[in-house]
């Protein structure tokens, strides 16, 4: 099967589609509702309000240092559900395959997707596969849609952000974007930069369960993916009408990412992250959140990086020399297909 | 805006993405959770078990007689949820756009998607947009994922199908597939064949609410999309281990579809439908179901087309001359990108 390729007939809903589902997809996904091969997955009544989130993944290349499009499809959607404060439970996955794709590569991606889902504790319960002609896709595109349940008392959102609140991040910025872009540019490093791609629901649950009075101390969470930390902070500033001061010297940034970003003419603040969360907390709770974050494997390099103040929706970067630079949303040179 | 086109930067998560969401998508979708622009849609706790279904749409061409990819993305997923017996409530939509797409065309598709969702009574609550380089997509691909709630007492599935059960369909077969393929082949007809693309949740709710003791009389429903009526029946036969006898002379088939299918060398039994449902019912209930179906605008041309018997998983087509032909799943010449 190693050199077999996806054909158009794998997507026509007939005998070959049936075989692909039976022999490849079902092998990786254990959830019984999938094996029923009905049109919809039957799921028990959730015990609270739900959060639903969707994301399509078109990352190029499909395989990159630190992950692949399958792992990314789990991390991206699980994180979108988790930053709402909900516990992600179920995922659907929709594949758009390009004719000629090696079935072996598809198998690797599905394997990695299934492993990431298992590690995150979410069940893949529904799926779909389409095939497009060679030259109308690019190997594999994946949509993943997630459902989570919001535990009682959790209410995070722009409306809770107030002047004085403190902004934390759980580690180094720009790793994912840089891993993708440097692989595309053919750059090699002594210490290769790995994507940070990871489901964050475990870290987030740890914070919300262990921080004293977390439901009032934690105000808002968001994963700074496309557009990077700068764009996400600008969205927060615009949506709240507050200003945000970001402290450049406290921003966790790997030396090799900084170096490579300079080489490529990129600003790490605008590079995508796929395993990072910005957490806005009340000032009294900041140190406690940071300490608990630091005990989790995905939060070891966490830091307090900024503060919210009264204002007009601006984001200011405080440079080490004491100056200020205004940060806007990503604009200009596009960074296409980063996720 | 009429001649403006999608650029890569519309997908980079920065300023242009933000504008596209604000100026195009939010204009069409009223649900307040979307306007919050958070990463996940907050939805109330459903009052029963849920059904989740996902489908990606890559139909070519995007606009076709009787619909477009936007309407199709609603119909396809709503129908997958509804045939499970659930009431579809929420949809997420993920767009993969090709660089160079006319924004005007995107606007038409989103308009049509929003209209179809409103007509079907489902709320679009979450969305995502990605852009791929020219030559790595084909205008617009859409993933839609649906959530519905299963009312108490409804339990439809392969396990309920028994010998003697009767198979109904709510109207003409093959219209969608033929509308797409004849448009692609550049065929024109005196009476153009329109896609049957329509959300069926209204029809299905009517049956389940008006047929006496519907929850026991109705055994199983499935929408015969990709692969057509023949492939869907074969899947039912294989999954139940029963035989199915399909009666060719009672199959609703438009003369123009039959004619065009012959011209194109296609069998209407293998052509996709996007507004049809196969309903397996107990023999006593068949006439009552047919009568109530016939009163609904989407069931006027409904018919009893076959019967389940003991067997080994075969599907037999009884021809008007009294012969039998074995029907298998669609195989051989693929019918690509039909939905």
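The values are calculated or read from the model by the stated rules, or taken from the named source; none is laboratory data. Keep in mind it's a predicted model, so treat the numbers as computed, not measured. Counting neighbours? That spans all protein chains shown, and the Cβs are built from the backbone with ideal geometry, glycine included.
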> Condition test on residue B:225, is it crowded, with 23+ Cβ neighbours inside 10 Å, in contact (Cβ under 8 Å) with a residue 12 or more places away in the chain and outside any helix (DSSP H, G or I)?
Replying inline: yes
>> Restricting to segment A:238-254, name every residue that is within 14 Å of residue A:269 (Cβ to Cβ), touching a strand residue (DSSP E or B) at 6+ places or on another chain (Cβ under 6 Å) and outside any strand (DSSP E or B).
In response: A:248, A:250, A:251, A:252
>> If I filter segment B:317-327 for residues that are within 16 Å of residue B:168 (Cβ to Cβ), outside any loop (DSSP other than H, G, I, E, B), modelled with pLDDT of 95 or more and within 23 Å of the chain's Cα centre (by Cα), do I get at least one hit?
In response: no
> When the residues of segment A:262-272 are filtered to those that are within 14 Å of chain B (Cβ to nearest Cβ) and not in a loop (DSSP other than H, G, I, E, B), which remaining residue is farthest from residue B:14 (Cα to Cα)?
Replying inline: A:269
> Scanning segment A:219-261 for residues that are under 20 Å from the mean Cα position of the chain (by Cα) and more than 14 Å from every other protein chain (Cβ to nearest Cβ), which turns out nearest to residue A:193 (Cα to Cα)?
Replying inline: A:257
> Is it fair to say residue B:96 is part of a strand (DSSP E or B), crowded, with 20+ Cβ neighbours inside 10 Å, on the phi < 0 side of the Ramachandran plot and over 16 Å from the mean Cα position of the chain (by Cα)?
Replying inline: yes
> When only residues in segment A:278-299 that are surrounded by 13 or more Cβ atoms within 10 Å (Cβ to Cβ) and either part of a loop (DSSP other than H, G, I, E, B) or within 14 Å of chain B (Cβ to nearest Cβ) (or both) count, which is farthest from the chain's Cα centre (by Cα)?
Replying inline: A:282
>> Quick check on residue B:65: is it away from chain A (no Cβ under 12 Å), surrounded by fewer than 24 Cβ atoms within 10 Å (Cβ to Cβ) and either modelled with pLDDT of 95 or more or closer than 21 Å to residue B:275 by Cβ (or both)?
In response: yes
>> Condition (residue is crowded, with 19+ Cβ neighbours inside 10 Å and either modelled with pLDDT of 95 or more or under 24 Å from the mean Cα position of the chain (by Cα) (or both)) applied to segment B:11-24: is it met by at least one residue?
In response: no
> Of A:106, A:101, A:97, which residue is within 29 Å of residue B:90 (Cβ to Cβ), touching a strand residue (DSSP E or B) at 6+ places or on another chain (Cβ under 8 Å) and outside the structural domain of residue A:205 (by TED's automatic domain parsing)?
Replying inline: A:97
> What residue, among those in segment B:41-59 that are more than 7 Å from every other protein chain (Cβ to nearest Cβ) and buried (at least 19 other Cβ atoms within 10 Å of the Cβ), is nearest to residue A:126 (Cα to Cα)?
Replying inline: B:57
>> I'd like the full set of residues that are part of a strand (DSSP E or B), more than 18 Å from the chain's Cα centre (by Cα) and within 16 Å of residue A:74 (Cβ to Cβ), limited to segment A:108-139.
In response: A:125, A:126, A:127
>> Being over 30 Å from residue A:74 (Cβ atoms), modelled with pLDDT of 95 or more and exposed (fewer than 15 other Cβ atoms within 10 Å of the Cβ) is the requirement here; does residue A:311 meet it?
In response: no
> Name the pairs: first residue in segment B:132-148 and in contact (Cβ under 8 Å) with a residue 60 or more places away in the chain, second residue in a loop (DSSP other than H, G, I, E, B), Cβ to Cβ under 6 Å, at least 6 apart or on different chains?
Replying inline: B:132/A:58; B:133/B:99; B:138/A:136; B:139/B:62; B:139/B:101; B:140/B:62; B:141/B:58; B:148/B:86
>> Suppose we filter B:174, B:139, B:153, B:146 for residues that are touching a helix residue (DSSP H, G or I) at 6+ places or on another chain (Cβ under 8 Å), crowded, with 24+ Cβ neighbours inside 10 Å and more than 9 Å from chain A (Cβ to nearest Cβ); which single one remains?
In response: B:174
> Can you name the condition, by its number, that residue B:182 falls short on among (1) more than 26 Å from residue B:70 (Cα to Cα); (2) part of a helix (DSSP H, G or I)?
Replying inline: (1)
> Inside segment B:156-167, can you point out the residues that are modelled with pLDDT of 95 or more and either surrounded by 23 or more Cβ atoms within 10 Å (Cβ to Cβ) or assigned to a loop (DSSP other than H, G, I, E, B) (or both)?
Replying inline: B:161, B:162, B:163, B:164, B:165, B:167
>> Need the failing condition index for residue B:275 against (1) over 21 Å from the mean Cα position of the chain (by Cα); (2) assigned to a loop (DSSP other than H, G, I, E, B), just the number.
In response: (1)
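So for segment A:100-107 (the condition being over 30 Å from residue A:240 (Cβ atoms), crowded, with 20+ Cβ neighbours inside 10 Å, more than 14 Å from every other protein chain (Cβ to nearest Cβ) and more than 16 Å from the chain's Cα centre (by Cα)), does at least one residue qualify?
Yes: segment A:100-107 contains one or more residues that are over 30 Å from residue A:240 (Cβ atoms), crowded, with 20+ Cβ neighbours inside 10 Å, more than 14 Å from every other protein chain (Cβ to nearest Cβ) and more than 16 Å from the chain's Cα centre (by Cα).
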>> Show the residue pairs meeting these rules: Cβ distance below 9 Å; 6+ apart or different chains; first residue within segment B:239-260 and free of Cβ contacts under 8 Å to residues at least 12 places away in the same chain; second residue part of a helix (DSSP H, G or I) and buried (at least 17 other Cβ atoms within 10 Å of the Cβ).
In response: B:258/B:268
> Can residue B:328 be described as within 14 Å of chain A (Cβ to nearest Cβ) and either out of contact with any strand residue (DSSP E or B) (no Cβ under 8 Å at 6 or more places or on another chain) or within 23 Å of residue A:132 (Cα to Cα) (or both)?
Replying inline: no
> Among the residues of segment A:10-39, which ones are over 20 Å from residue B:157 (Cα atoms), assigned to a helix (DSSP H, G or I), without any contact (Cβ under 8 Å) to a residue 60 or more places away in the chain and within 11 Å of another protein chain (Cβ to nearest Cβ)?
Replying inline: A:15, A:16, A:19
